Amino acid sequence: MAETLVLIELAGAKVKGASLHAITLAQQLGADYALLVLGEKLDPTAEALGKFGASSVILADHASLGEPLADRYAAVIAEISRQNQAHTIIAASSTFSKDILPRVAALLDAPMLTDVLGLEPVDGGTAFRRPINAGSTLALVKVEGDRRVLTARATAFAAPAENATMKSPAERFEVVEASLPSDTKFISREAGQSERPDLTEARVVVAGGRPLKDRETFERLVGGLADSLGGAIGATRAAVDSGMVPNDYQIGQTGKIVAPELYIGLGISGAIQHLAGIKDSRIIVAINKDPDAPIFQMATYGLVGDLHELVPDLIEALGRDSK
Ligand SMILES: Cc1cc2nc3c(=O)[nH]c(=O)nc-3n(C[C@H](O)[C@H](O)[C@H](O)COP(=O)(O)OP(=O)(O)OC[C@H]3O[C@@H](n4cnc5c(N)ncnc54)[C@H](O)[C@@H]3O)c2cc1C
C-alpha cells in the first residue's frame, strides 16, 4: 500500500508528458508512491509507467471509464485511496485535475491545495508554496491533519528520471460499474486537430494579442512564426474573446500556464493576468509598437515596432536560414 497516489492523465492512449511531473513532487515528499491510471485498455500504459520508481501502477481499467467523467473518476479514485489508506493524492494542474480532484477531496473530506510550486520544511512538517493573486504573490501553506489532495504546477517540477532497469508491478482495481455514479453521460467529443506541439509541453510558444485582428491574420503571423520555429501557438484573452482562436489557446491566470525555452509575444500588452501564465519561460521576447507596454518589463528581448511589418520579415528570414 502506497502513502501517496499520483494520478496520471492520458491523451487518448498516450500518457500526457506534463502529468508525469507530479511524480517529482511525490518523490520530494519522500513516502512510497503508486501511480494511478483510469481508462480503458490500459495494459500498454502500465508498461510505459513502470520505469518511474513507483511501488506499483494501479489500473482502473473498464469500459465505463473510457471517458473521464468527473463523478465516476472521483468515486473510483476515492475508493482506491481508502483501500490503500493513502494520505496524499497528487496530479499535475490541468483542466482534467481541476475537474476531478476537488470532488475527490470532498469525498474523502480532505483539504486541497492547487498549483503547488514547491515544498519547505516548517515547524517539523511540510509547507507548500503556491501562487495567489494571479501569481503576483506566493503563499506558504500548511494543511492540518495527515491527508491532503494536491495539484502540482508541471512547470515548477522537473520531469522524473526514468530507470530502465526497474519495472513497477501493475495492480488492478476491480471496477464495479453498478456502484459508480451515473448522473452524467458522455455524449461526444470535439477535439481540435493540430500538427503543432501541445501548448503546455512545447519548447517554443508564439502568442498573439488583440492587434492580430482576425483568424486569418492570426494564423498567418502567429501560426507562421510558430511553424518556422517548430513551436505551439497561444493567445491572450482579448484574442480569444474576439474569436481569433478557441479558448484552449488562452495563456494566463484563467488559461494555461506555459514555461517554454522561448516565448514570443506579438502585440501583447502584458496585463498581469497574462504574465501569470508566462513568467517561468526561460527567454521572453516581446514585439509591441508601444515602448511603454508593461510586457517589456518582463521581456528578455524587446522589439518596438509594428508586428504587421516585423513578423513577415522574421518568418522570411527564418525560412531563408533553414534552407
Ligand atoms: C479575472 C480576469 C482574468 C483574466 N485572465 C486572463 C488570462 O488568463 N489571459 C490573458 O491573456 N488575459 C486575461 N485577462 C485579460 C487581461 O486583463 C487583458 O485584458 C488581456 O491580457 C489583454 O490582451 P492583449 O494584450 O491582447 O490586448 P491589449 O491589452 O489591448 O494590448 C494590445 C497590445 O498590442 C499593442 N499593439 C497594437 N497594435 C500593434 C501593432 N500593430 N504592432 C505591435 N503591437 C501592437 C498595443 O501597444 C498593446 O500593448 C483577464 C482579466 C480578468 C479581469
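The values are calculated or read from the model by the stated rules, or taken from the named source; none is laboratory data. Just so we're clear, the structure is a prediction, and the values are computed from it rather than from any experiment. Here the Cβ positions follow ideal geometry from the backbone for every residue, glycine too, while neighbour counts run over all protein chains shown. With ligands, DNA and RNA removed, areas are computed over all heavy atoms of the protein, side chains included. Shrake-Rupley method; radii C 1.70, N 1.55, O 1.52, S 1.80 Å.
For region 200-219, the criterion of a residue being more than 27 Å from LYS289 (Cα to Cα) and either of a type outside the set (Ser, Thr, Tyr) or modelled with pLDDT of 90 or more (or both) is satisfied by at least one position.
In the set ASP146, ASP71, ASP115, ASP99, which member is in a loop (DSSP other than H, G, I, E, B) and outside the structural domain of HIS274 (by TED's automatic domain parsing)?
Working: ASP71 fails: in a loop (DSSP other than H, G, I, E, B); ASP115 fails: in a loop (DSSP other than H, G, I, E, B); ASP99 fails: in a loop (DSSP other than H, G, I, E, B).
Selected residue: ASP146, the only one of ASP146, ASP71, ASP115, ASP99 that is in a loop (DSSP other than H, G, I, E, B) and outside the structural domain of HIS274 (by TED's automatic domain parsing).
If you take the residues in region 239-255 that are within 26 Å of ALA152 (Cα to Cα) and surrounded by fewer than 19 Cβ atoms within 10 Å (Cβ to Cβ), which one is farthest from the ligand (Cβ to nearest atom)? Checked region 239-255; the qualifying residue farthest from the ligand (Cβ to nearest atom) is PRO246. Here GLN193 meets each of (1) away from the ligand (no atom under 16 Å from the Cβ); (2) touching a residue at least 40 places away in the same chain (Cβ under 8 Å) with one exception, condition (2). Against the conditions (1) touching a residue at least 60 places away in the same chain (Cβ under 8 Å); (2) of a type in the set (A, V, I, L, M); (3) near the ligand (Cβ under 10 Å from one of its atoms), ALA235 satisfies every one except (1). For region 85-96, state whether one or more residues are without any contact (Cβ under 8 Å) to a residue 12 or more places away in the chain and under 22 Å from the mean Cα position of the chain (by Cα). Scanning region 85-96, I find at least one residue that is without any contact (Cβ under 8 Å) to a residue 12 or more places away in the chain and under 22 Å from the mean Cα position of the chain (by Cα), so the answer is yes. Note on region 271-293: residues that are near the ligand (Cβ under 7 Å from one of its atoms), open to solvent by less than 10 Å² (accessible area, probe 1.4 Å) and at pLDDT 95 or above amount to 2.
For region 118-143, the tally of residues that are surrounded by 16 or more Cβ atoms within 10 Å (Cβ to Cβ), touching a helix residue (DSSP H, G or I) at 6+ places or on another chain (Cβ under 9 Å) and either part of a loop (DSSP other than H, G, I, E, B) or not assigned by TED's automatic domain parsing to the domain that holds ILE23 (or both) stands at 0.
So that you can scan it fast, the table gives a plain yes or no per residue for (1) near the ligand (Cβ under 8 Å from one of its atoms); (2) free of Cβ contacts under 8 Å to residues at least 60 places away in the same chain; (3) buried (at least 18 other Cβ atoms within 10 Å of the Cβ):
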residue	(1), (2), (3)
PHE218	no, yes, yes
ILE268	yes, no, yes
LEU303	no, yes, no
ASP306	yes, yes, no
LEU310	yes, yes, no
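Among the residues of region 29-42, are any in contact with a Ser or Thr (Cβ under 8 Å, 6 or more places away or on another chain) and on the phi > 0 side of the Ramachandran plot? Working first, answer last.
Looking only at region 29-42, we keep the residues that are in contact with a Ser or Thr (Cβ under 8 Å, 6 or more places away or on another chain), and these are 29, 31-35, 37, 39.
Among the residues that remain, those that are also on the phi > 0 side of the Ramachandran plot are: 39.
Looking through region 29-42, at least one residue is in contact with a Ser or Thr (Cβ under 8 Å, 6 or more places away or on another chain) and on the phi > 0 side of the Ramachandran plot.
Which numbered condition trips up SER194, out of (1) among the polar types (S, T, N, Q); (2) surrounded by fewer than 17 Cβ atoms within 10 Å (Cβ to Cβ); (3) within 18 Å of LEU307 (Cβ to Cβ)? Going through the list (1) among the polar types (S, T, N, Q); (2) surrounded by fewer than 17 Cβ atoms within 10 Å (Cβ to Cβ); (3) within 18 Å of LEU307 (Cβ to Cβ), SER194 breaks only (3).
Determine whether ASP61 is open to solvent by 50 Å² or more (accessible area, probe 1.4 Å) and either under 19 Å from LEU5 (Cβ atoms) or of a type in the set (Asp, Glu) (or both). Break it down into steps so the answer makes sense when it comes.
Numbers: open to solvent by 50 Å² or more (accessible area, probe 1.4 Å): no; either under 19 Å from LEU5 (Cβ atoms) or of a type in the set (Asp, Glu) (or both): yes.
Considered against the rule, which asks whether it is open to solvent by 50 Å² or more (accessible area, probe 1.4 Å) and either under 19 Å from LEU5 (Cβ atoms) or of a type in the set (Asp, Glu) (or both), ASP61 comes out as no.
The single condition among (1) free of Cβ contacts under 8 Å to residues at least 40 places away in the same chain; (2) away from the ligand (no atom under 15 Å from the Cβ); (3) closer than 18 Å to LEU314 by Cα that GLY224 does not satisfy is (1). Checked against the criterion of being under 26 Å from ASP198 (Cα atoms) and more than 18 Å from the chain's Cα centre (by Cα), the candidates LEU20, LEU10, LEU59, LEU25 yield just one match: LEU59. Per the conditions (1) open to solvent by less than 50 Å² (accessible area, probe 1.4 Å); (2) assigned to a loop (DSSP other than H, G, I, E, B), the sole criterion not satisfied by LYS51 is (1).
Please verify whether LEU180 is within 14 Å of the ligand (Cβ to nearest atom) and either more than 30 Å from SER55 (Cβ to Cβ) or open to solvent by less than 70 Å² (accessible area, probe 1.4 Å) (or both), treating the condition exactly as stated.
Judged against the criteria, LEU180 is not a match.
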